[in-house]
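The values are calculated or read from the model by the stated rules, or taken from the named source; none is laboratory data. All figures in this text were calculated on a predicted structure; none of them were measured in a lab. Cβ: placed from backbone, ideal geometry, glycine included. Neighbour counts: every protein chain shown.
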Amino acid sequence: MTNEVVDLLIALNEGTISIEEVAHRFKQRTWPRHRGSEPTTYTEMAAAQLEDPDTYIPGSFDDVTAAYHRGELSEQQYDVLANAMAESRRAEDAAADQ
């Protein structure tokens, strides 16, 4: 199974695609969202602290964060891609509100 986000990051690192093109593609795609409810009581908050962090979702922004932590993206590249992803989500949210 292919992962568009990973494929774009590989192409970026290989220099076959620009950061601007990756950002454009990030703005155009739909991003999976982490599921789960926020704890509302102290007991739920304490239990949440003992659980594993959010599960990795292939094809999500998790792939970008992982690449950044591996040193495959600069801070500037990460910021550009994070802003592109956020713009995509804002557009999704606005469309859902209509």
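Can you say whether S60 is surrounded by 15 or more Cβ atoms within 10 Å (Cβ to Cβ) and under 16 Å from the mean Cα position of the chain (by Cα), as far as the supplied structure shows? Yes: the conditions hold for S60. Summed over the range 14-57, residues that are touching an Asp or Glu at 6+ places or on another chain (Cβ under 6 Å) and modelled with pLDDT of 85 or more total 1.
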